[in-house]
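First up is the structure itself, then whatever we jot down about it.
The values are calculated or read from the model by the stated rules, or taken from the named source; none is laboratory data. Note that this is a predicted model, so its numbers are computed, not measured. Here Cβ is always computed from backbone atoms with ideal geometry, including for glycine, and neighbour counts include all displayed protein chains. Side chains are part of the model used for accessible areas, which takes the heavy atoms of the whole protein and leaves out ligands, DNA and RNA. Shrake-Rupley method; radii C 1.70, N 1.55, O 1.52, S 1.80 Å.
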Amino acid sequence: MASFSSSPPPAKSPAPTAPPETDNPDQTQTPLPPPPGYGVTGILTRWRHEDTLKRVSLGLRILGFVFSMLAFIIMASNKHGRGRNFDEYEEYRYALAIAILSTLYTGLQSWRQIYEMSSGKEIIAARNLALIDFFGDQIIAYLLISAASSAVPMTNRMREGADNIFTDSSAACISMEFLAFFVLGLSAMLSGYKLAQKTYM
């Protein structure tokens with residue numbers, strides 16, 4: 001009787017298993033979109049936004065310079081004889097001094113912005129510049145409203161007695177300072193917005 005050698009049965013290969021199911025299959029296949037502000041489109045949008053802010057700020061500073069210069073010229077030339085000279089009244093001297101200070105500030109700021117926009121070079125570091133713009137606009141705006149408010153009662157009293165070219169010139173100077181205050185007030189709000197957007201602060 002022949003003997004047969006028994007060989008072990010072949011090993012069974014494991015059955016393929018299906019991949020685990022997920023609640024949202026599309027989530028693993030579709031990459032998430034980049035966060036807003038990144039990518040070429042986001043960078044271009046941010047550049048356009050910053051450029052618009054710079055142009056608006058420059059426009060406000062130029063308007064402030066024009067109104068301050070007019071206030072300075074009107075009050076400095078307001079001399080029409082004894083009792084009708086601006087330098088005889090403390091309120092008008094104060095209004096003239098603030099008009100000169102505002103003219104210098106807005107003139108220098110306008111020149112700086114025009115130079116930076118045309119050359120692409122920064123005169124002052126961005127962090128220091130943001131603080132200078134924010135506090136400088138607020139201080140000059142406060143001084144303008146202070147000077148205009150102090151000259152209003154004096155002008156009103158004079159106009160009750162006699163309305164002449166001296167009182168008209170004083171009223172015109174006061175009006176220019178009020179307009180300069182309004183413009184620099186808007187510029188201060190814009191400076192505060194730009195300061196809040198800085199990531200390094």
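Of the residues making up the stretch 130-143, at least one is open to solvent by 40 Å² or more (accessible area, probe 1.4 Å), hydroxyl-bearing (Ser, Thr, Tyr), over 19 Å from Asp168 (Cα atoms) and in a helix (DSSP H, G or I).
When the stretch 73-99 is filtered for residues that are open to solvent by 50 Å² or more (accessible area, probe 1.4 Å) and free of Cβ contacts under 8 Å to residues at least 40 places away in the same chain, the ones remaining, listed by number, are Ile73, Lys79, Arg82, Asp87, Glu88, Glu90, Arg93. Within the stretch 124-151, the set of residues being hydrophobic (A, V, I, L, M, F, W, C) and under 12 Å from Tyr94 (Cα atoms) comprises Leu143, Leu144, Ile145, Ala147, Ala148, Ala151.
If Leu108 satisfies all but one of (1) buried (at least 18 other Cβ atoms within 10 Å of the Cβ); (2) modelled with pLDDT of 90 or more, what's the number of the condition it fails? That leaves (1) as the condition not met.
For the residues Val183, Val152, the requirement of being open to solvent by 20 Å² or more (accessible area, probe 1.4 Å) and among the hydrophobic types (A, V, I, L, M, F, W, C) singles out Val152.
Please verify whether the stretch 115-127 includes one or more residues that are open to solvent by 80 Å² or more (accessible area, probe 1.4 Å), modelled with pLDDT under 90 and under 16 Å from the mean Cα position of the chain (by Cα). Looking for residues that are open to solvent by 80 Å² or more (accessible area, probe 1.4 Å), modelled with pLDDT under 90 and under 16 Å from the mean Cα position of the chain (by Cα), one finds at least one in the stretch 115-127, hence yes.
Results for (1) free of Cβ contacts under 8 Å to residues at least 40 places away in the same chain; (2) within 18 Å of the chain's Cα centre (by Cα), shown as yes or no for each residue.
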| residue | (1), (2) |
| --- | --- |
| Tyr142 | yes, yes |
| Glu160 | yes, no |
| Ala171 | yes, no |
| Ala188 | no, yes |
| Lys194 | no, yes |
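Filter the stretch 160-180 for residues that are open to solvent by 30 Å² or more (accessible area, probe 1.4 Å), closer than 21 Å to Ala76 by Cβ and part of a helix (DSSP H, G or I) and give the result. Within the stretch 160-180, Ile165, Asp168, Ala172, Ser175, Met176, Phe178, Leu179 qualify.
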